[in-house]
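**Q** Questions regarding the structure given below will be posed in turn.
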Amino acid sequence: MNIYVDTFVNTVKGSLNWTWKSICFDVPWYTNYFWGLFVISLIVWVLEIVFPWRKKQSIFRKDFWLDAFYMFFNFFVFSIVISGFYTIIELLFSEIGIGIQSLSLINLEALSVWFQLLIFFIILDFVQWFTHVLLHKFPLLWEFHKIHHSVKEMGFAAHLRYHWMENILYKPLKTIGVMLLGGFEPEQAFIVHFFAITIGHLNHSNIKITWGPLKYILNNPVMHLYHHAYTIPKDRYGVNFGISLSLWDYIFRTNYIPESEGEITLGFEGDEKVPSSFLSQLTFGFRKEKEKNKTA
Ligand SMILES: [Zn+2]
Ligand SMILES: [Zn+2]
């Protein structure tokens, strides 16, 4: 039993220590997700202020601070705690002989680093697109994803407003994706992660970008705005599920861009039941329908 407690405590301590070192600029710059997230946020926010799409939207839009808090909570606080649980799960799997290499189907080692990164990025993005579809398709999962869709005014920080359960739901498929690739994240994976954060921030920003002909490959703020639209075609459970790439939506015909008007109502039917405070949102998704009506 002790080994599990020790593993948990040591991993959480290690993650805490790493985050603290990141805050103090004591890690290589390219692994510094703390300040990296801060700098990307600042740049996208300045772009929103200089080139606003919805001109009437305030610089400090509705829920700006709530979402800013979510960014750091989901990226750091939550991941520090959960890192301990993940290492225990890894330990349990390795004890029954299942290691990170077990599923290895594709060996990338012979390829150039850039090609490895590209394949890593594409597989990880597809896995996340698929998970996102599941979050919309299954009512039980949708309950958690509602927090992300309760955004009523879009801005960059809405990117990381999501229920902590989403981290847990995305993890297994992401892990399988990495395992298929021979179980390694290339050393330069930071490029992929920083690129994904930037595209995600832009997708939620108040800037009209379509990427021209690249819109069939790259997700963009216009497409993602319609993902958050209150009114979607009646026969669909969602549209535009893309994370960084829009490609999957075009391939699987889940794309939907009726017009490029920025002033649309966001949310979903019943979104008034989502509580407005962070603490009440933490337990949202676990509550029964009756209790939700009470907090509305
Ligand atoms: Zn969604
Ligand atoms: Zn979104």
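**Q** From a point 7 Å beyond the Cα of residue 287 in the direction of its Cβ, which residues of the stretch 124-147 have a backbone N at a distance under 20 Å?
**A** 139-147
**Q** Only Lys, Arg, Asp and Glu count, each charged at its Cβ (+1, +1, -1, -1), so figure out the dipole size of the stretch 2-295 about its Cα centre, rounded to 20 debye. Could you put the intermediate results ahead of the total?
**A** Numbers: 24 positive and 24 negative charges, 164 e Å.
With Lys and Arg at +1 and Asp and Glu at -1, about 780 debye.
**Q** Filter the cross-link list 174/215; 62/208; 215/273; 152/208; 171/234 down to pairs whose alpha-carbon distance in this structure exceeds 28 Å.
**A** Beyond 28 Å: 215/273; 171/234.
**Q** Calculated FRET efficiency, residue 234 and residue 265, Cβ-Cβ r, R0 22 Å, to nearest 0.05?
**A** Values: r = 16 Å, r/R0 = 0.73.
Plugging the Cβ-Cβ distance into 1/(1 + (r/R0)^6) gives 0.85.
**Q** Using only protein heavy atoms and a 1.4 Å probe, report how much of residue 11 is accessible, in Å² to the nearest 10.
**A** 30 Å²
**Q** Please work out the C-alpha center-to-center distance from the stretch 2-28 to the stretch 221-235 and express it in whole Å.
**A** Cα centroid to Cα centroid, the span is 40 Å.
**Q** Something else now. If you keep only loop residues by DSSP, which chymotrypsin sites (Phe, Trp or Tyr not before Pro) in the stretch 9-56 have at most 13 other Cβ atoms within 10 Å of their Cβ?
**A** Here the sparse-neighbourhood loop sites are 25.
**Q** Residue separation times 0.36 nm, minus the C-alpha to C-alpha distance between residue 216 and residue 153: what's the value?
**A** Taking residue 216 through residue 153 to full extension adds about 20.2 nm, to one decimal.
**Q** Shifting gears a bit: At most 11 other Cβ atoms within 10 Å plus a DSSP loop assignment makes a site exposed; report the longest stretch of the chain without any exposed trypsin sites (Lys or Arg not before Pro). Before the final figure, lay out each step's value.
**A** On the way: sites that count: 55, 56, 234, 236, 253, 288.
In the chain, the maximal stretch lacking such sites is 57-233.
**Q** At 1.4 Å probe radius, can you tell me the per residue accessible area of the stretch 2-295 in Å²?
**A** On the way: 15600 Å² over 294 residues.
Computed with neighbouring chains in place, this is 53 Å² per residue.
**Q** Normalised by the number of residues in the stretch 2-295, what is the relative contact order in percent for Cα pairs under 8 Å and 6+ residues apart?
**A** Details: 353 pairs, mean separation 63.0, N = 294.
Taking the mean separation of contacting Cα pairs over the length of the stretch 2-295, I get 21 percent.
**Q** Take residue 72 and residue 113, extend 7 Å from each Cα along the Cα→Cβ direction, and tell me the distance between the two endpoints in nm.
**A** 3.2 nm
**Q** Taking loop as defined by DSSP and a crowding limit of 13 other beta carbons within 10 Å, which GluC sites (Glu not before Pro) in the stretch 37-122 fit?
**A** On the way: sites: 48, 90, 95, 109; in loops: 109.
The qualifying sites are 109.
**Q** Taking amide H positions as placed 1.01 Å from N in the peptide plane, with prolines and chain starts having none, which residues 5 or more places from residue 284, or on another chain, fall under 5 Å of its amide H?
**A** none
The values are calculated or read from the model by the stated rules, or taken from the named source; none is laboratory data. All values reported here derive from a predicted model rather than from experimental measurement. Cβ atoms come from the backbone with ideal geometry, glycine included; neighbour counts cover every protein chain shown. Just so you know, the surface numbers come from the protein's heavy atoms only, side chains and all, with ligands and any DNA or RNA stripped out. Shrake-Rupley method; radii C 1.70, N 1.55, O 1.52, S 1.80 Å.
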